[in-house]
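Structure first, then comments.
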Amino acid sequence: MCGIVGYSGKKAAAEIIMKGLSKLEYRGYDSAGIAVCLDGQTKIFKTKGRLSALQELLDKNGAPEGCVGIGHTRWATHGEPSDRNSHPHGYGRVTLVHNGIIENYLHLRQSAETKGAKFVSDTDTEAAAYVIDSCYDGDPVKAISKALPQLHGSYAFGIIFSDKTDTIYAVRRDSPLIAAQGDGECFIASDIPAILSYTRDYYLMDTDEIAELKDGKIRFFDLSGNEITNGKKLLHADFDIEAAEKGGYPHFMLKEIYEQPDTLRRLISMHTEDGAGNIFKSEIPDTSDIKRIFVVGCGSAMHAGLLGKYSIEHLCRIHVSVSIASEFRYDDPMVGPGDTVFIISQSGETADSLAALRLSHEKGAKVCAIVNVVGSSIAREADEVIYTRCGPEIAVATTKAFTAQVLIMYLLTARLAYDRKTVTEEFLKNYLSDMAKLPELAAEVLTDKYVQLYKKFAAYNKPHGDYYIIGRGQDYATGCEGAMKIKEISYMHCESYAAGELKHGTISLVTPGVPCMAIITDPDIAEKTVSNVKEVRARGGHVVLVSSCTGENADICDEYIKLPQTNKYLMPIVAIIPVQTYAYYTAVLRGCDVDKPRNLAKSVTVE
């Protein structure tokens with residue numbers, strides 16, 4: 001979950017590394033540090049706090065000179081955020097930065113301490129530096145190869161050896177890392193945006209493959225020390241640099257909220273054609289052999305799965321099981337040959353989801369990945385891949401990636417229904433026609449008249465600490481995603497409850513003035529949820545109603561966001577965008593750091 005940048009070339013490394021880290025701060029911002037080499041010496045600067053604190057330290061002391069260096073921005077796992085726990089870490093002749101977790105670090109530390117080793121931090125990373133140093137006899141590739149079997153867990157390392165300060169070595173297992181080639185210079189990075197200002201050409205590093213960056217060139221080695229000369233494909237990043245910039249918006253999250261109409265439009269045009277007879281142009285896999293469907297994801301990705309479950313089961317009559325990835329992998333799931341597992345992940349590097357993918361393969365199931373990042377670990381290991389193609393999503397709280405994931409689930413619904421003839425051709429034609437209009441509806445709920453309502457209603461939340469969302473069916477699943485948005489960026493305690501469950505205990509939490517939201521988009525069960533709204537208001541709850549099917553009956557709520565209507569099975573995409581925007585303004589009015597909420601990071605690459 002941390003961010004790594006490394007540079008080897010002829011320019012000032014510190015400036016390039018700091019600029020790269022600024023593009024990766026969404027991956028962690030508890031502390032930051034750099035190590036730069038000059039004349040055989042490695043100078044380290046690191047500090048607790050955000051990257052700005054490191055920049056202040058460099059401004060005060062003078063940035064280290066040198067053309068080779070590594071940098072790190074941290075999301076803490078082992079050891080509290082502090083100066084001494086910040087990366088880079090060194091032991092003996094080794095200085096390194098690390099993204100991941102060394103699971104057996106306590107054993108390694110204890111064993112080392114019996115031999116007289118002295119550690120200065122509480123991190124697992126320092127133990128890794130010790131192991132690599134203990135294996136070093138002058139050959140870095142050999143030392144890394146010998147050390148890796150002793151390190152259990154996940155890692156992406158950028159490594160400098162004290163007697164070879166003109167070279168960076170890198171290696172990964174399960175944690176993301178790329179090696180990028182520029183003009184007489186080269187880079188390592190956790191993600192592509194870090195290097196886009198300098199080059200678009202990069203290599204995806206394979207598991208336990210060692211990269212050597214020296215004299216502007218990149219060489220790769222296997223664990224036997226053999227140079228890899230075949231099979232490495234130089235890729236080219238094709239998205240615009242401006243896609244990774246704020247573009248005049250105050251926060252990345254707001255920019256990404258407003259990018260949703262275009263994201264939806266792009267996906268719909270890529271995957272559909274007019275008429276029910278020739279629906280899918282590319283990527284959507286053949287579904288004719290699917291017996292059962294499992295959907296696995298974490299956080300918002302799992303919520304996208306819940307919405308997919310609702311539409312697939314209703315329109316295709318196939319049982320769909322949705323699991324949290326961290327539970328799926330330890331639950332001995334009843335999955336096997338003939339089953340298809342859809343793994344949903346924005347980054348394609350989510351550790352629990354990657355483990356669930358591998359478990360599914362072990363059990364003989366087919367795996368289809370729904371990811372945003374081309375060439376990510378999950379994309380590479382899946383049998384089939386459907387890309388959401390959102391471009392970079394920088395804000396920790398997902399918006400456009402989530403709606404893209406949901407749209408992919410709706411496209412899968414259409415494919416399944418078409419293959420199985422579970423709906424009429426007319427229904428499918430209308431469904432796809434309504435889908436084609438989703439970008440317009442997404443844009444409509446982002447017009448100024450709506451945004452002014454979101455701001456007004458969000459202001460009510462400022463002094464409160466609790467928030468509740470209710471809904472039935474797919475509206476409950478939409479509420480789960482809304483609750484996540486509110487809690488993760490505004491720090492309000494927020495929960496989504498199935499509206500029919502209120503009387504079974506939950507309604508005891510409703511007190512006078514407590515802010516609540518009701519989502520109602522299914523006309524078939526609208527009256528039931530309206531009754532639950534009245535129950536909440538009877539106990540003093542302050543209700544914001546988000547609805548497309550309750551008319552203008554304002555007396556059933558305190559505040560009303562009237563949604564434009566479309567096919568009821570597509571309504572969650574229309575409904576979630578107002579909730580995302582409402583959550584955004586709640587966080588802004590409460591003075592929260594929207595793009596970098598406390599204790600969170602964008603890509604969860606550790607278990």
*Which one of 266, 219 is basic (Lys, Arg), at pLDDT below 90 and either assigned to a strand (DSSP E or B) or within 25 Å of the chain's Cα centre (by Cα) (or both)?*
266
*Any idea how many residues of region 498-512 are closer than 12 Å to residue 535 by Cβ and in contact with a strand residue (DSSP E or B) (Cβ under 8 Å, 6 or more places away or on another chain)?*
4
*asked:* Criterion first (closer than 22 Å to residue 127 by Cα, out of contact with any Pro (no Cβ under 7 Å at 6 or more places or on another chain) and among the aliphatic types (A, V, I, L, M)) does residue 32 satisfy it?
replied: yes
*Conditions: (1) buried (at least 23 other Cβ atoms within 10 Å of the Cβ); (2) in contact (Cβ under 8 Å) with a residue 40 or more places away in the chain; (3) in the same structural domain as residue 527 (by TED's automatic domain parsing). Residue 413 meets all but one. Number of the miss?*
(3)
*Among the numbered criteria (1) at pLDDT 90 or above; (2) in a loop (DSSP other than H, G, I, E, B), which single criterion is violated by residue 85?*
(1)
*Just wondering, is there one or more residues in region 433-447 that are of a type outside the set (D, E, K, R), in contact (Cβ under 8 Å) with a residue 24 or more places away in the chain, under 19 Å from residue 258 (Cα atoms) and not in a helix (DSSP H, G or I)?*
yes
*Among the residues of region 378-402, which ones are under 26 Å from residue 597 (Cβ atoms), more than 13 Å from the chain's Cα centre (by Cα) and crowded, with 24+ Cβ neighbours inside 10 Å?*
none
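Residues are listed down the side, and each one gets a yes or a no for (1) surrounded by fewer than 16 Cβ atoms within 10 Å (Cβ to Cβ); (2) without any contact (Cβ under 8 Å) to a residue 60 or more places away in the chain; (3) of a type in the set (Lys, Arg):
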| site | (1), (2), (3) |
| --- | --- |
| 470 | no, no, no |
| 477 | no, no, no |
| 493 | yes, yes, no |
| 497 | no, yes, no |
| 529 | no, yes, no |
| 545 | no, yes, no |
| 548 | no, yes, no |
*Could you count how many residues in region 237-251 are crowded, with 18+ Cβ neighbours inside 10 Å and either in a loop (DSSP other than H, G, I, E, B) or modelled with pLDDT of 90 or more (or both)?*
2
*Consider residue 509 against the criteria (1) modelled with pLDDT of 95 or more; (2) out of contact with any helix residue (DSSP H, G or I) (no Cβ under 9 Å at 6 or more places or on another chain): it satisfies all of them except one. Which criterion is unmet?*
(1)
*Kindly indicate whether any position in region 216-233 is surrounded by 17 or more Cβ atoms within 10 Å (Cβ to Cβ) and under 19 Å from residue 88 (Cβ atoms).*
no
*Per-region count, region 149-173, residues surrounded by 21 or more Cβ atoms within 10 Å (Cβ to Cβ) and either more than 21 Å from residue 123 (Cβ to Cβ) or not polar (S, T, N, Q) (or both)*: 13
*Test residue 438 against the stated conditions and say whether it is under 27 Å from the mean Cα position of the chain (by Cα), surrounded by 16 or more Cβ atoms within 10 Å (Cβ to Cβ) and either farther than 26 Å from residue 589 by Cα or of a type in the set (A, V, I, L, M) (or both).*
yes
_Sole residue being in a helix (DSSP H, G or I), in the same structural domain as residue 510 (by TED's automatic domain parsing), touching a residue at least 60 places away in the same chain (Cβ under 8 Å) and charged (D, E, K, R), chosen from 487, 455, 429, 462_ = 455
_Out of 130, 105, I need the residue that is surrounded by 21 or more Cβ atoms within 10 Å (Cβ to Cβ), among the aromatic types (Phe, Trp, Tyr) and closer than 18 Å to residue 174 by Cβ. Which one?_
105
*All but one of (1) within 28 Å of residue 16 (Cβ to Cβ); (2) outside any strand (DSSP E or B); (3) in contact with a helix residue (DSSP H, G or I) (Cβ under 7 Å, 6 or more places away or on another chain) hold for residue 183, so report the exception by its number.*
(3)
*Checking residue 178 against (1) of a type in the set (A, V, I, L, M); (2) in contact (Cβ under 8 Å) with a residue 40 or more places away in the chain; (3) in contact with a helix residue (DSSP H, G or I) (Cβ under 9 Å, 6 or more places away or on another chain), which single condition isn't satisfied?*
(2)
*Which of the residues that make up region 125-182 are on the phi > 0 side of the Ramachandran plot and charged (D, E, K, R)?*
174
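The values are calculated or read from the model by the stated rules, or taken from the named source; none is laboratory data. What you see is a predicted model, and the numbers here were worked out from it, not measured in a lab. Note: ideal-geometry Cβ built from the backbone for every residue, glycine included; neighbour counts use all protein chains shown.
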